[in-house]
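Accompanying notes for the structure given below.
A short reminder: the numbers here are calculations on the coordinates, not readings from a lab. Bear in mind the structure is a predicted one, so any value in this text is a computation, not a measurement. Positions of Cβ are generated from backbone atoms using ideal geometry, with glycine treated the same way; all protein chains shown enter the neighbour counts.
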């Protein structure tokens with residue numbers, strides 16, 4: 001019986017990898033609620049919705065380092081019910097003078113800038129947008145609108161080669 005349950009779970013997970021991806025309207029994304037990281041010529045684009053304390057987002061972040069010629073648009077959406085300290089960390093990064101450096105320092109060294117005093121990240125606006133458009137965490141949206149959520153996000157970001165291949169496949173600059 002235990003073996004049967006395991007086989008069913010594997011089949012369900014495998015089916016999910018071939019499911020039709022959700023399509024988002026990239027042109028409607030509220031870019032003022034994000035910050036961008038450009039690598040190389042930045043010719044390929046992807047849009048990430050994440051909680052900086054999410055273990056899947058942290059794992060995927062390792063693969064983002066290996067990508068070339070990409071612009072990564074970050075929509076940081078802390079989920080305090082799972083990660084109680086994420087809103088404070090998000091505010092510290094968003095309100096820092098150099099968001100990209102602060103982001104990298106958090107993921108590479110677990111170092112944060114000083115807590116934001118009179119500044120807040122637009123977390124509630126990002127969350128409201130995501131909820132209104134069926135985007136749930138973690139999510140990666142490619143240029144053509146192809147969106148991978150949750151388990152599909154894990155599938156899409158399982159290796160840097162897979163992620164780069166998906167970037168190429170869903171790029172508008174083919």
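Using the number of other C-beta atoms within 10 angstrom as an exposure proxy, rank 33, 67 with the fewest first.
In order of increasing Cβ crowding within 10 Å: 67, 33.
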If I model a spin label at residue 59 and residue 136 as a point 7 Å from the Cα along the Cα→Cβ vector, what separation in nanometres do I get? 1.9
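Take 54, 119 and order them by how many other Cβ atoms sit within 10 Å, fewest up front.
Details: 54 20, 119 11.
Neighbour counts put them in this order, fewest first: 119, 54.
Per DSSP helix of 4 or more residues, -39500 (n - 2.57); summed, then divided by the residues of the chain. What does that give at 222 nm, rounded to the nearest 500? Display every interim value, and only then the final one.
Values: 7 runs with 73 residues, N = 174.
Mean residue ellipticity, 222 nm, calculated: -12500 deg cm²/dmol.
Hey, can you rank 40-50, 75-85 by average C-beta count inside 10 Å, highest first?
Values: 40-50: 19.6, 75-85: 17.8.
Per-residue mean Cβ counts within 10 Å order the peptides as 40-50, 75-85.
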For the chain, the longest principal axis of the Cα atoms and the Cα long axis of helix 2-17 enclose an angle in degrees, to the nearest 10, of 60
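Checking a compactness column here: for segment 118-160, what do you get for Rg(Cα) / (2.2 N^0.38 Å), N being the number of residues? All intermediate terms of the calculation are to be shown ahead of the outcome.
Details: Rg = 12.6 Å, N = 43, 2.2 N^0.38 = 9.2 Å.
Ratio of Rg to 2.2 N^0.38 Å for segment 118-160: 1.37.
How much length, in nm to one decimal, is gained on full extension between residue 160 and residue 108, taken as 0.36 nm per residue of separation minus their Cα-Cα distance? Walk me through the intermediate numbers first.
On the way: separation 52, 0.36 × 52 = 18.72 nm, distance 1.68 nm.
Difference between extended and current length: 17.0 nm.
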In nm, to one decimal, how far is the residue 128 label point from the residue 39 one, both placed 7 Å along Cα→Cβ? 3.3
Expressed as an acute angle from 0 to 90° and rounded to the nearest 10, what is the orientation of the C-alpha long axis of helix 160-169 relative to the principal long axis of the chain? 90
